[in-house]
1. So in region 9-21, with the set limited to residues that are under 17 Å from the mean Cα position of the chain (by Cα) and over 13 Å from ASP48 (Cα atoms), which one is surrounded by the fewest Cβ atoms within 10 Å (Cβ to Cβ)?
2. For PHE77, only one of the following conditions fails: (1) modelled with pLDDT of 95 or more; (2) more than 14 Å from ligand 2 (Cβ to nearest atom); (3) of a type outside the set (Asp, Glu). What is its number?
3. Inside region 184-212, can you point out the residues that are among the aliphatic types (A, V, I, L, M), modelled with pLDDT of 85 or more and more than 16 Å from ligand 1 (Cβ to nearest atom)?
4. Hey, could you check region 62-73 for residues that are closer than 20 Å to ALA85 by Cα and not in a loop (DSSP other than H, G, I, E, B) and say which is farthest from the chain's Cα centre (by Cα)?
5. Any idea which residue in region 100-120 is surrounded by the fewest Cβ atoms within 10 Å (Cβ to Cβ), counting only those that are away from ligand 2 (no atom under 16 Å from the Cβ) and under 15 Å from the mean Cα position of the chain (by Cα)?
6. Pairs only if they're at least six apart or on different chains, beta carbon under 7 angstrom, first in region 21-40 and over 12 Å from PRO106 (Cα atoms), second of a type in the set (Gly, Ala, Ser) and within 16 Å of ligand 1 (Cβ to nearest atom); list them, first residue then second.
7. Could you list, ordered by first residue, the pairs with Cβ atoms under 7 Å in which the first is in region 100-115 and within 16 Å of ligand 1 (Cβ to nearest atom) and the second is basic (Lys, Arg), at least 6 apart or interchain?
8. Looking at (1) more than 17 Å from the chain's Cα centre (by Cα); (2) touching a residue at least 24 places away in the same chain (Cβ under 8 Å); (3) within 16 Å of ligand 1 (Cβ to nearest atom), which one does ASP47 not meet, given that it meets all the others?
Amino acid sequence: MTEGESMKISVVIPFYNEERMIEKMYSELVHVLNQQTKEEFEIILIDDGSKDKTFEKILEIAKNDERVRYLSFSRNFGKEAGTIAGLEYATGEAVILMDGDLQHPPAMLPQMIEAYEQGYDVVSARRTRTGEKPHRTFLAKHFYKLANKMMDIELMDGVSEFRLFSRKVVNAIISMQEYNRFSKGIFAWIGFNEKVIEYENQVRTVGETKYSLKFSLNYAIQGILSFNDKP
Ligand code: UDP
Ligand code: MG
C-alpha cells in the first residue's frame, strides 16, 4: 500500500441474545470509526442463532449503513464458530475481532489500528482485572499458571479475542482452524509479531455472560489437552 491511500479494515462482532446491547454497541463503534478519517471500514455483525430480537436489530442496522454486512446462523454454534465465520467473510486488509457487549471498548480501536500501521501483524488488547468477581480472578490466575506449565505455547492472562489481525494472519487462522478449535491457543501459537495494548476491565452493564463457570473450565481443559505434546 502506498502512503495516503486508504485501506479497508473489517470489524467482526458475534452476538448471541444481545437485543438489549446491540444498538448501543453499534452506535459507540460508529462514533469511534467516524473519527478515523484515513481508513474505510466494513462492520460484520454475526447473529449466532439468537432467540431474541438480535437478528431483527441487525437487519435494521444494515439497512441504514452500507458498511454493515451480516451473517446469521440458524442455531447457536458458540462464539468461536461465529468468529471464524466472520474472519472468513471479512474482506479487509486487517480484521478486528471484538465482543458485542461493550466489554471490549471501541475506544481502543484507533490505537490498535495505529499499531497495525506501524507494522504489527497482531495487536492484542489486554484487560486488567479491575471489578471482576474475586473467585474468577483467582481461577483465571491459576489456570494461566497451570496451562503455561503444561502446554507447549504461552498464554497471557487478560488477552482474549479482542484483537486486530493483518490479512496474512487472518489467512493463516482460516487455514489452520479446522485442526484445532482452541482459539486462545491458535492465536498465541501463530507467533507473528505482536503488540499488546492494555485497557481497563469493563464490567458488563446489560444482559449477562453466556459462559458459566462450568463451561469456562471445560474450555480450559480442552485447551490444555489440545496444545500439548506431553503424553
Ligand atoms: N456470544 C456468541 N455466541 C455464544 C455466546 C456468546 O456469539 O454462544 C457473543 C456474545 O453475544 C458477546 C461475546 O460473544 O458478544 C462474548 O460473550 P459473553 O459476553 O457472554 O462472554 P464473556 O464476556 O462473559 O466472556
Ligand atoms: Mg462479555
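The values are calculated or read from the model by the stated rules, or taken from the named source; none is laboratory data. Note that the structure is predicted; figures quoted are calculated from it, not measured. Methodologically, a virtual Cβ is constructed for each residue, glycine included, from the backbone with ideal geometry; neighbour enumeration extends over all protein chains shown.
1. Going through the qualifying residues, I end up with MET21.
2. It fails just one condition, (1).
3. VAL196, ILE197
4. Filtering region 62-73 for residues that are closer than 20 Å to ALA85 by Cα and not in a loop (DSSP other than H, G, I, E, B), the one farthest from the chain's Cα centre (by Cα) comes out as ALA62.
5. Selected residue: ALA107.
6. Note: pairs meeting the criteria are MET21/GLY100; MET21/GLY207; ILE22/GLY100.
7. ASP101/ARG204; LEU102/LYS24; GLN103/ARG204
8. (1)
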